[in-house]
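Only the coordinates and a few stated rules stand behind these numbers; no lab work does. The model shown is predicted, which means the values in this text are computed figures rather than measured ones. When we count neighbours, we look across all protein chains shown, and the Cβ atoms used for this are built from the backbone with ideal geometry, even at glycine.
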Amino acid sequence: MNTAGVRAEAEIRARADGRGGTALPVLESRGPLAVRRTRGSGATAHVTLVGAMSGPHGGDHFTVRADVGPGARLRVGSAAATLALPGQHGGQARQDVRLTVAAGGELHWMPEPLISVTGSELAVHTHVDLAPGARLVLREELVLGRTGEDPGRLTSRLTVRVDGRPVLDQELDCGPGAEGGWDGPAVLGGHRAVGQLVAVDPEFEDKPVAPGVPADGLAVLPLTGPAVLVSAVAPDALRLRRLLDRAPSAFAPAAPASA
Amino acid sequence: MSRAALLVLADGRFPAGGHAHSGGAEAAVHAGRITGAESLESFCRGRLHTAGLVGAALAASAALGVDPVALDAAADARTPSPALRAAARRLGRQLLRAVRAAWPGDELDALGRRFPKGAHQPVVLGAAARAAGLGAEDAAHCAVYESVGGPATATVRLLSLDPFDATAVLARLAPEADRVAEAAVRAARRVVREGTGALPAASAPLLEIHAEAHAGRAGRLFAS
């Protein structure tokens, strides 16, 4: 039991303001998580998640919700990398992220990396539910340990549904106590940074993206449905970001007969 | 259940086309990540707990009679690589052809009509187990064993690895394989109650990334 754990919640609701912009009728947080509206660009509202303390620690439970209404556009980032840290009393920390986007809405969910520190134990589950016609760009970067240190236990599941239908469901479980082979040649093969970028866009229905391997450790994987996954592994966070930053150019429509 | 029917279905000589696939082992050999028995074991262990677990849970669910259309969609969502989805459907189509001859029945006919290009192989495997009078545990064990047996056999050919060493790898993995099959059956029983969201989703980034590069590689020995 983790009676010492902290509960933190943050909620963002984005709505079209009727003048071509996006309003944030709900922007709330409780506990050691803060949400701040930062500069907006045009029709898009920008929000930054700020961890008032670095965390989550073992035993903590963080929940973040973002809901984007029809025609609204929201971009969420974070002020710094999130550190998963051991708790004073040990035990697993949990972080649930629940994202919903209505038809014609657009969400860019682009947090900084999550770093699994030695001795920590964190389970993250990100649920994304999109209406038909919603757009999404979501980036997830997991870093196993700070420089030169062994990772903690990290389990991260990402579930994306469009119109209730599963488009992507992937879980990575790594670090001490994870099932064997996680660092072997089928799963991570010694890489210490692993990330993915998911793009959902109704335009992919008419202009499918071509699969490809633009660089070593990087693959562009069109999914079943109007969605593309960019999957990457790298030795460290910096090189992982460089790989994922190459992704948008890979979303060009499929060329016929690509090699 | 018929233990002999289980052996027929699990036999590597069952004419379902599996011998043309390495389960990612060829790509891993090409990348220098499998170089001998030790790295083969580590590869197989990773595959067992990811693709093996997911495939076994799909097969066990199908054996319990869960809607194959929903299972197939769940398999798609758990297989981001288009090359691996195509391979899984090709293997599913070939398996269905063989099992319809072995254990003819209406459910297999319906599956063939619903997926003319093939359903994901583990979904077909579960339906095949059902048609053969086998249970969810049998389907799960078949899927789990296949998830490591294929790469081990392929590596013998790819690296001229001693077949004794490859078989020893499989024998060492057996207790873990049993645990994975049991976990898959537990998950499948949840799927019956809660739907396909209860399926495990364990992923292997290197398998997915390398599968795409492998699909386009000239001179490869195995299709996947």
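Answer rounded, prolate or oblate for the stretch A:39-79, using the Cα gyration tensor with square roots of eigenvalues a ≥ b ≥ c: rounded when a/c is under 1.5, else prolate when a/b is larger than b/c, else oblate.
Oblate, since a/c reaches 1.5 and b/c is not below a/b.
In a Gaussian network model over chain A where Cα atoms closer than 10 Å are linked, find which of A:R36, A:R19, A:R239 has the largest mean-square fluctuation.
A:R19
If the only charges are +1 at each Lys and Arg Cβ and -1 at each Asp and Glu Cβ, what is the size of the charge dipole of chain B around the Cα centre, to the nearest 20 debye?
Magnitude of the dipole: close to 460 debye.
Short version: ³J(HN,Hα) in whole Hz for each residue of the stretch B:33-42, in order, from phi by Karplus 6.51 cos²θ - 1.76 cosθ + 1.60 (θ = phi - 60°), x for Gly and Pro, what are they?
8, 10, 10, x, 4, 5, 6, 4, 5, 5
Could you list B:D109, A:D201, A:D17 in order of exposure, starting from the residue whose Cβ has the fewest other Cβ atoms within 10 Å?
With the sparsest Cβ surroundings first, the list reads B:D109, A:D17, A:D201.
Per DSSP H run of n ≥ 4, the term is -39500 (n - 2.57); total these for chain B, divide by its residue number, and report the mean residue ellipticity at 222 nm rounded to 500 deg cm²/dmol.
Helix contribution divided over all residues of chain B: -22000 deg cm²/dmol.
Counting every Cα pair in chain A, what percent are over 35 Å apart?
Here the long-distance tail beyond 35 Å is 14 percent of all Cα pairs in chain A.
Could you compute how fast the protein assembly as shown diffuses translationally, taking Rh as the Kirkwood radius over C-alpha pairs and applying Stokes-Einstein at 37 °C with viscosity 0.692 mPa s? Give it in µm² per second.
Stokes-Einstein gives a translational diffusion coefficient of 142 µm²/s.
So what J values fall out for the stretch A:67-76 if you push phi through Karplus, 6.51 cos²θ - 1.76 cosθ + 1.60 with θ = phi - 60°, rounded to Hz, Gly and Pro as x?
Listing the rounded values in order: 10, 10, x, x, x, 7, 10, 10, 10, 10 Hz.
Under unit Cβ charges (Lys, Arg +1; Asp, Glu -1), what dipole magnitude, rounded to 20 debye, does the stretch A:7-250 have relative to its Cα centre?
780
Going by how many other Cβ atoms sit within 10 Å of their own, how do B:R179, B:R114 line up, fewest first?
With the sparsest Cβ surroundings first, the list reads B:R114, B:R179.
Per-residue mean of other chain beta-carbon atoms within 10 angstrom of the beta-carbon, peptide B:71-83?
6
Dipole size in debye (nearest 20) for the protein assembly as shown around its Cα centre, Lys and Arg Cβ +1, Asp and Glu Cβ -1?
So the magnitude is around 800 debye.
Quick check on chain B: what does the Kirkwood estimate of hydrodynamic radius come out to from the alpha carbon pairs, in Å?
17.1
Per-residue HN-Hα couplings for the stretch B:184-198, Karplus 6.51 cos²θ - 1.76 cosθ + 1.60 at θ = phi - 60°, whole Hz, x for Gly and Pro?
3J(HN,Hα) across the stretch B:184-198, in whole Hz: 5, 5, 4, 4, 5, 5, 5, 4, 4, 7, 10, x, 6, x, 7.
Find the all-direction average of the projected area of the Cα convex hull for the stretch A:94-175, expressing the result in square nanometres with one decimal place.
Taking the Cα atoms of the stretch A:94-175, their convex hull projects to 5.2 nm² on average.
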